[in-house]
Amino acid sequence: MVINRVVSFLSLMGAMFTISSAFATEIEVLHWWTSGGEARSAELLQQGIESRGHIWKDFSVAGGGGQSAMMVLKARAVSGNPPTSAQIKGFDIQEWTKLGFLTSLDDIAIEGNWDSLLPKTISDTMKYEGRYVAAPVNIHRVNWLWVNPKVMEKVGVSIPRTWDEFFIAADAIKAAGYIPLAHGRQPWQDATVFESIALAMLGADDYYKAFVALDLDVLSGEKMVQVFSAFKKVRGYIDGDALGRDWNVATQMVMNGEAAMQIMGDWVKGELTVAGKVSGEDYVCVPAPGTDGMFSYNVDSFVFFKSHDPSRGQGQKELAKTIMSKSFQEAFNYSKGSLPARTDVSMARFDDCAFQSKTAFTMAEGSKNLLPSLSADMSTTSYIRDAMIDVISEFFTDEAADPNKAPERLAKAVKAAL
Ligand code: GAL
């Protein structure tokens, strides 16, 4: 009797295994979410895939900003062996489509009504010649200042809202023996700080002209001298060990009170959340100095590589559907520090930083204040962006660099890359 039951249980399991394995497909996903908060968020995507009966194959390449991941991806794609899917953003989506690597998502997008679920700025970025080729996970705001309020209190300074206030506070923080600005000297992080200064000092119109329209007069102009001058000044408020430091290590410094502030996108909040820190108590988020009302955006998205294998195609559809599902967008963005890309997701459990971000996005949308981030690869092609970031980062590295000459160099680098 017992043996009979065991036999029928085993054959039932066998049948279930055959059914699920007939549909189960391995989905290899390239991404660069390897810090504590990022990895926790990537796990949610993995769980989403596994709950649909598929097998997640992790292809993570460490390195904030994703430059290393993109290099590895190019090597794999060129050798004819791309992963099922990859995290690719902004203009790179167009480039990869033009080269013929990507599969269209239009059938799923039409079926899922993506056009009505996404803000137009976001859906436009996901399309090539009017057709969806990428699925968006989130909307990150880049122009944030993360503050340790206890350090500010001990020093007796208030949170700076303008660059003048920033330098006054930074002097006092430095004199009290703390590091005013936690920073990692990697080119994309240098560009993140530069971008926030540029937003404040150029204003929305000229930021757009410089970094989106690539207007050489604005790039080489007088206001850009001011941007580089302030950028040079900021260098005096970071510590001597910043070279090569990862962004999340800089976040740790703010968390543990070694440093007072960090300028970085809201993936920082993912890091703070995973460490159990609470907004308004352990840390405070405010727009980067002088950028109130402005929103420089960074949208993470996934693309899908063409394949002759039908099971791969099926897996890609499942991944795209998971990414765009309401439940995934809610859970993922709560963990990642970003806003859901879908506009109809409940934000009930989100914190005040997310609400600030949502309000700023809604107010900026449709106006000149919603701007694609230069440092996060959203404002122009990666080729031109890299040319600009080289100039920006070399300037930051060279203590003797002249802010009067840097704008001319920036414009020349863009002109040569056009
Ligand atoms: C960005 C990415 C974010 C964040 C950051 C640091 O490029 O869009 O999601 O994780 O890099 O790694």
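The values are calculated or read from the model by the stated rules, or taken from the named source; none is laboratory data. As the structure is a prediction and not an experimental result, all values here were calculated from the model. For neighbour counting, all protein chains shown are included, and Cβ atoms are generated from backbone atoms with ideal geometry for every residue, glycine included. Accessible surface areas use protein heavy atoms only, side chains included; no ligands, DNA or RNA. Shrake-Rupley method; radii C 1.70, N 1.55, O 1.52, S 1.80 Å.
May I ask you to verify whether Phe395 is among the hydrophobic types (A, V, I, L, M, F, W, C), assigned to a helix (DSSP H, G or I), over 22 Å from Glu271 (Cα atoms) and at pLDDT 95 or above?
Yes: the conditions hold for Phe395.
Do we find that Ser123 is polar (S, T, N, Q), assigned to a helix (DSSP H, G or I) and not assigned by TED's automatic domain parsing to the domain that holds Asn256 in this structure?
It is true that Ser123 is polar (S, T, N, Q), assigned to a helix (DSSP H, G or I) and not assigned by TED's automatic domain parsing to the domain that holds Asn256.
Give just the number: which of (1) open to solvent by less than 30 Å² (accessible area, probe 1.4 Å); (2) closer than 19 Å to Ala401 by Cα does Gly240 not satisfy?
(1)
Quick check on this structure: which one of Val225, Val157, Val234 is surrounded by 21 or more Cβ atoms within 10 Å (Cβ to Cβ) and modelled with pLDDT of 95 or more?
Val234
Just one of the numbered conditions (1) more than 16 Å from the ligand (Cβ to nearest atom); (2) open to solvent by less than 20 Å² (accessible area, probe 1.4 Å); (3) hydrophobic (A, V, I, L, M, F, W, C) is not true of Leu272; which one?
Unmet for Leu272, out of (1) more than 16 Å from the ligand (Cβ to nearest atom); (2) open to solvent by less than 20 Å² (accessible area, probe 1.4 Å); (3) hydrophobic (A, V, I, L, M, F, W, C): (1).
Given the conditions (1) over 22 Å from Leu370 (Cα atoms); (2) open to solvent by 30 Å² or more (accessible area, probe 1.4 Å), report the number of the one that Asp205 does not fulfil.
(1)
Which one of Gln186, Gln226, Gln252 is assigned by TED's automatic domain parsing to the domain that holds Tyr383, touching a Gly at 6+ places or on another chain (Cβ under 9 Å) and not aromatic (Phe, Trp, Tyr)?
None of the other options fit; the residue is Gln186.
Residue check, Arg245 against (1) touching a strand residue (DSSP E or B) at 6+ places or on another chain (Cβ under 6 Å); (2) surrounded by fewer than 24 Cβ atoms within 10 Å (Cβ to Cβ), all met but one. Which one?
(1) is the only condition that Arg245 fails.
Quick check: anything in segment 55-64 within 15 Å of the ligand (Cβ to nearest atom) and hydrophobic (A, V, I, L, M, F, W, C)?
Within segment 55-64, one or more residues are within 15 Å of the ligand (Cβ to nearest atom) and hydrophobic (A, V, I, L, M, F, W, C).
Would you please list the contacts, defined by Cβ atoms under 9 Å and residues six or more apart or on different chains, that run from a residue in segment 87-100 that is open to solvent by 30 Å² or more (accessible area, probe 1.4 Å) and part of a helix (DSSP H, G or I) to a residue that is among the hydrophobic types (A, V, I, L, M, F, W, C) and more than 10 Å from the ligand (Cβ to nearest atom)?
Phe91/Ile384; Gln94/Val133; Glu95/Ile88
Out of Pro372, Pro403, I need the residue that is surrounded by fewer than 20 Cβ atoms within 10 Å (Cβ to Cβ) and outside the structural domain of Val29 (by TED's automatic domain parsing). Which one?
Pro403
All but one of (1) crowded, with 22+ Cβ neighbours inside 10 Å; (2) in contact with a helix residue (DSSP H, G or I) (Cβ under 6 Å, 6 or more places away or on another chain); (3) closer than 30 Å to Ala24 by Cβ hold for Ser335; which doesn't?
All conditions pass for Ser335, except number (1).
Would you please name the residue that is farthest from Lys89 (Cα to Cα), looking only at residues in segment 292-319 that are within 16 Å of the ligand (Cβ to nearest atom) and not aromatic (Phe, Trp, Tyr)? Even if it seems obvious, please write down each step before you answer.
Taking segment 292-319 and keeping what is within 16 Å of the ligand (Cβ to nearest atom), we get 295-303.
Then drop every residue that is not not aromatic (Phe, Trp, Tyr), which leaves 296, 298-301, 303.
Numbers: Ser296: 14, Asn298: 8, Val299: 7, Asp300: 6, Ser301: 6, Val303: 9 Å.
If we take residues in segment 292-319 being within 16 Å of the ligand (Cβ to nearest atom) and not aromatic (Phe, Trp, Tyr), then Ser296 is farthest from Lys89 (Cα to Cα).
For Ala210, indicate whether it is surrounded by 22 or more Cβ atoms within 10 Å (Cβ to Cβ), over 20 Å from the mean Cα position of the chain (by Cα) and within 25 Å of Phe361 (Cβ to Cβ).
Considered against the rule, which asks whether it is surrounded by 22 or more Cβ atoms within 10 Å (Cβ to Cβ), over 20 Å from the mean Cα position of the chain (by Cα) and within 25 Å of Phe361 (Cβ to Cβ), Ala210 comes out as yes.
Which residue out of Asp164, Asp215 is out of contact with any Leu (no Cβ under 9 Å at 6 or more places or on another chain), assigned by TED's automatic domain parsing to the domain that holds Val268 and within 26 Å of Asn298 (Cα to Cα)? If you could, list the steps in order and put the result at the bottom.
Numbers: Asp164 fails: within 26 Å of Asn298 (Cα to Cα).
Matching residue, one of Asp164, Asp215: Asp215.
Which one is least open to solvent (accessible area, probe 1.4 Å), of the residues in segment 283-324 that are without any contact (Cβ under 8 Å) to a residue 40 or more places away in the chain and in a loop (DSSP other than H, G, I, E, B)?
Top of the filtered list is Asp309.
Would you confirm whether or not segment 131-146 contains a residue that is of a type in the set (Val, Ile, Thr) and within 21 Å of Phe305 (Cα to Cα)?
So far as segment 131-146 goes, yes, one or more of its residues are of a type in the set (Val, Ile, Thr) and within 21 Å of Phe305 (Cα to Cα).
Among the residues of segment 340-369, which ones are open to solvent by less than 20 Å² (accessible area, probe 1.4 Å) and not hydroxyl-bearing (Ser, Thr, Tyr)?
Matches in segment 340-369: Pro340, Ala341, Val345, Phe350, Cys353, Ala354, Ala360, Phe361, Ala364.
Could you grab me the full set of residues in segment 172-201 that are open to solvent by less than 10 Å² (accessible area, probe 1.4 Å) and in a helix (DSSP H, G or I)?
Of everything in segment 172-201, those that are open to solvent by less than 10 Å² (accessible area, probe 1.4 Å) and in a helix (DSSP H, G or I) turn out to be Ile173, Gln189, Asp190, Ala191, Thr192, Val193, Phe194, Glu195, Ser196, Ile197, Ala198, Leu199.
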